[in-house]
1. Taking a ≥ b ≥ c as the square roots of the eigenvalues of the Cα gyration tensor of the stretch 193-401, is the shape rounded (a/c under 1.5), prolate (a/b larger than b/c) or oblate?
2. Mind listing the phi-derived Karplus ³J(HN,Hα) values for the stretch 164-176, rounded to whole Hz, using 6.51, -1.76 and 1.60 with θ = phi - 60°, and x for any glycine or proline?
3. So if I take the alpha carbon set of the stretch 118-171, get Rg, then get Rh from the Kirkwood formula, what is the Rg over Rh ratio?
4. How far, in degrees from 0 to 90, does helix 45-55 lean away from the longest principal axis of the Cα atoms of the chain, to the nearest 10?
5. Of all DSSP beta bridges located in the stretch 285-427, what percent are antiparallel, nearest 5?
6. Just to confirm the number: angle between the C-alpha axis of helix 471-488 and the first principal axis of the chain, 0 to 90 degrees, nearest 10?
7. Tell me which residues come under 5 Å, amide H to amide H, from Gln290 once H is placed; ignore anything under 5 positions away on its chain.
8. Could you work out the Kirkwood radius for the stretch 301-342, taking every pair of different alpha carbons, averaging 1/r and inverting it, reported in Å?
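Just so it is clear, none of the values below were taken in a lab; they were calculated from the coordinates. Note that the structure is predicted; figures quoted are calculated from it, not measured. All Cβ positions, even for glycine, are placed from backbone atoms using ideal geometry, and neighbour counts span all protein chains on display.
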Amino acid sequence: MLIKVPSAANLGLKTIKVEVEVNVAKKGLPTLNIVGLPSKAVDESKERVKTAIINSGLQFPGNRIVVNLAPADIPKEGSFYDLPIALGILSSTNHIRLPESSLFFGELSLDGTLRHAKGALLLALFAKEKGIKNIFIPKQSANEAAVIKGVNVYPVKSLKALLKHLSDEELIQPAQYQEKGIEPIEIQAEFDMKEVIGQEQAKRAMEIAAAGGHNLFMLGSPGCGKTMLARALPGILPTLTEDESLEVTKIYSVSGYIPPEGSVIKTRPFRAPHHTISNVGLIGGGSYPQPGEVSLAHRGVLFLDEFNEFPRSVLEALRQPMEDGYLTISRSKEKATFPAQFMLVASANPCPCGYLNHPKKVCTCTERQIQKYRKRISGPILDRIDLHIELPEVDTKKLNEDIKLSNRLENSHQIRKRVVRARKRQEKRFKNERFFTNAEMKNRHIKKYCHLTKEVKQLLHQASSTFHLSARVYYKMIKVARTIADLEGSSEITSSHMAEALQYRPKV
């Protein structure tokens, strides 16, 4: 008897329909074979399905069983075909009628219960797009899928519970639709901006970066506050918008980073990989491509501490996603495109020992060592970073004085208010576009949204000639100036806005 159970497969962030065809033959030796380019995880479902059926108190047929995952020319990966395979086998012997316009998705435990499965949100989005009314998924993944309106999400606890539902013995109630609206929440950062003593220019640069989504590079000796500033950055970032939240949650869903009973992600990601990370870890990849750190930092922050210590090949791989905001990973088995619109925050020491130009400590590095150390970061990478700041050493006497006055310093909450207002201006400005921040503007958008007066153009041209700015940096300065104007609530970019933006370029 042939039974067809509808399911789905996630290929990167793309979802396709998979028909699980189960044929239980009347003749032949008792075997269970799976065809249709299954991976090792799919092939091992034979033992999981058989054991789960028996431990659920149900009868496993002693016939020749062939399972085909159609379309057969697309590689299948993952353990979430367990449920449709088991359902197809049981339907052939128990004559269970499968509901129309439904999808089945989930991994079985050996006792017949369903485990939390990654990719539930993508399944719900696919069902809505294709007009499929019902999806049956593990109970622990239901909250993740229930944020999509118009799809009945049935939280299945076990294989036996699903059979009772399909037999109308004990119905499973659909999960309640969860509004994915983002309410204001208190963001918890590792540090508050008022804890950073001194470094007022660096704090200002952080505020501009947060307001416009700009990349930031910090150069300074050890202990001057680079890492502390970066760790305080999440506290001044605005909450994700609804569209941004859905984008981020999709990436974390397909990566399996949404915890059981978890739902949409509401705070901006902050990723800080160690400098020993590989190309695949940072960019993504694998036989079946998975998102890397640049995609996991989408709409958030990618913090690369000790920037010079990262392998040059790894840093060079950042070029394309920094420029385009997405990346495509092509492998022999699969091709996937992942978004990567992140804020890069990088910090580095001026030399190997860290004390070049230090007012009190002597640098022990040779000129050759310094040049070799700095050449680890290429010009094209630095050219893609909007804001460059050099942090001076903080005097311990001033440190003791400022600690006493720390209550008078601006805290993260106060700075965040200005950042949120600036972001709202950008949201209004770009309401008809497919991006959210000034940093994402292309050249054609700059001409449309960033009008420059004659005085501002003259200042920018003079700076370009003096500091030999590239065409990319030329436009980046306009975007930074636009963000500074947004922070002040100005509709026009003035000479003071452009002058401040130009302060954040290296003078070499």
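1. In terms of gyration-tensor shape, oblate.
2. Couplings: 5, 5, 5, 8, 6, 7, 8, 6, 8, 7, x, 5, 6 Hz.
3. Taking Rg over the Kirkwood Rh, I get 0.99.
4. Roughly 60 degrees, rounded to the nearest 10.
5. Counting DSSP beta bridges with both partners in the stretch 285-427, the antiparallel share is about 60 percent.
6. Approximately 90 degrees, to the nearest 10.
7. Long-range HN contacts for Gln290: Gly285.
8. After inverting the pairwise mean of 1/r, the radius is 11.7 Å.
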